Amino acid sequence: MTDSLEKIASEIATCTKCPLHLSREKAVPGEGPPDAEIMFIGEGPGFHENQSGRPFVGAAGKFLDELLASIGLRREDVFITNVVKCRPPGNRDPQPDEIAACREYLDRQIAVIDPKVIVTLGRFSMARWFPSARISRIHGQPRRAGRRLIVPMYHPAAALHQPKLRQTVLDDFRRLPEFVSQANDAYQEGEAGEEPPPDEPRQLPLF
Ligand code: URA
Ligand code: SF4
């Protein structure tokens, strides 16, 4: 049977593969069209997401909406999800074993959507492709992964906590349309959109 976003979401809703299921109110699979060209991957649901079952609906989500609007996009145009689909208690960092347990769902979402550009928001999603990179060095710089472009960006919540980062995030977002058209060229070359091999879960540098 072919995989679908609905099938993945229904499995996530009843998933017990990691301890985060114990404290969740609602799992948050992510949302957006199955043919989205751009996929955003955050960290994990927070308080409001856990209540509503929808990604990025709290303060960071409002800022993400603004960032999307700044380049003429609406939330309905893109797919938005997280590395873990259930809220880490008290919004603590997701642990390597939790990220590893949840990875299957993210892999399947990427396979179904086959996005041209993946924007990682924050260091946990960045680490999937760039395990030892520092976000302060590589933010806003697209890298190829197969025929896809991966664009690491700061998490919108980081910009809310550190006002200096706000303009940095706006500037990185402003170049996204350019990256999408670059990605289109690579995509049309028809290279396989393969993913790099999974990395061992590991602790991440802070900056
Ligand atoms: N922060 C995230 O990383 N993801 C959400 O869905 C909300 C806030
Ligand atoms: Fe399952 Fe992911 Fe939720 Fe853990 S975080 S229970 S692996 S859906």
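The values are calculated or read from the model by the stated rules, or taken from the named source; none is laboratory data. What you are looking at is a predicted structure, and each value in this text was computed from that prediction instead of being measured. Every residue, glycine among them, receives a Cβ derived from its backbone with ideal geometry; neighbour counts consider all protein chains shown.
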Among the residues of the stretch 54-64, is any within 16 Å of ligand 2 (Cβ to nearest atom) and under 20 Å from Cys86 (Cβ atoms)?
-> yes
Which of (1) touching a residue at least 24 places away in the same chain (Cβ under 8 Å); (2) in a helix (DSSP H, G or I); (3) among the acidic types (Asp, Glu); (4) away from ligand 1 (no atom under 13 Å from the Cβ) does Glu6 not meet, given it meets every other one?
-> (1)
Can you tell me which of Ala133, Ala100 is more than 16 Å from ligand 1 (Cβ to nearest atom) and within 25 Å of Glu25 (Cβ to Cβ)?
-> Ala100
Based on what the data block shows, is Val117 in contact (Cβ under 8 Å) with a residue 60 or more places away in the chain, more than 10 Å from ligand 2 (Cβ to nearest atom) and of a type in the set (A, V, I, L, M, F, W, C)?
-> yes
Just to be sure, is Gln51 polar (S, T, N, Q) and within 13 Å of ligand 2 (Cβ to nearest atom)?
-> no
In the stretch 120-142, anything without any contact (Cβ under 8 Å) to a residue 40 or more places away in the chain and in contact with a helix residue (DSSP H, G or I) (Cβ under 7 Å, 6 or more places away or on another chain) is listed as Met126, Phe130, Ala133, His139, Gly140
Which of (1) within 14 Å of ligand 1 (Cβ to nearest atom); (2) among the hydroxyl-bearing types (Ser, Thr, Tyr); (3) touching a residue at least 40 places away in the same chain (Cβ under 8 Å) is the odd one out, the single condition Ser70 does not satisfy?
-> (1)
If only one of Arg75, Arg92, Arg103 is at pLDDT 95 or above, charged (D, E, K, R) and more than 14 Å from the chain's Cα centre (by Cα), which one is it?
-> Arg92
Out of all the residues in the stretch 1-20, which are of a type in the set (A, V, I, L, M, F, W, C) and either surrounded by 13 or more Cβ atoms within 10 Å (Cβ to Cβ) or within 13 Å of Pro89 (Cα to Cα) (or both)?
-> Leu5, Ile8, Ala9, Ile12, Ala13, Cys15, Cys18, Leu20
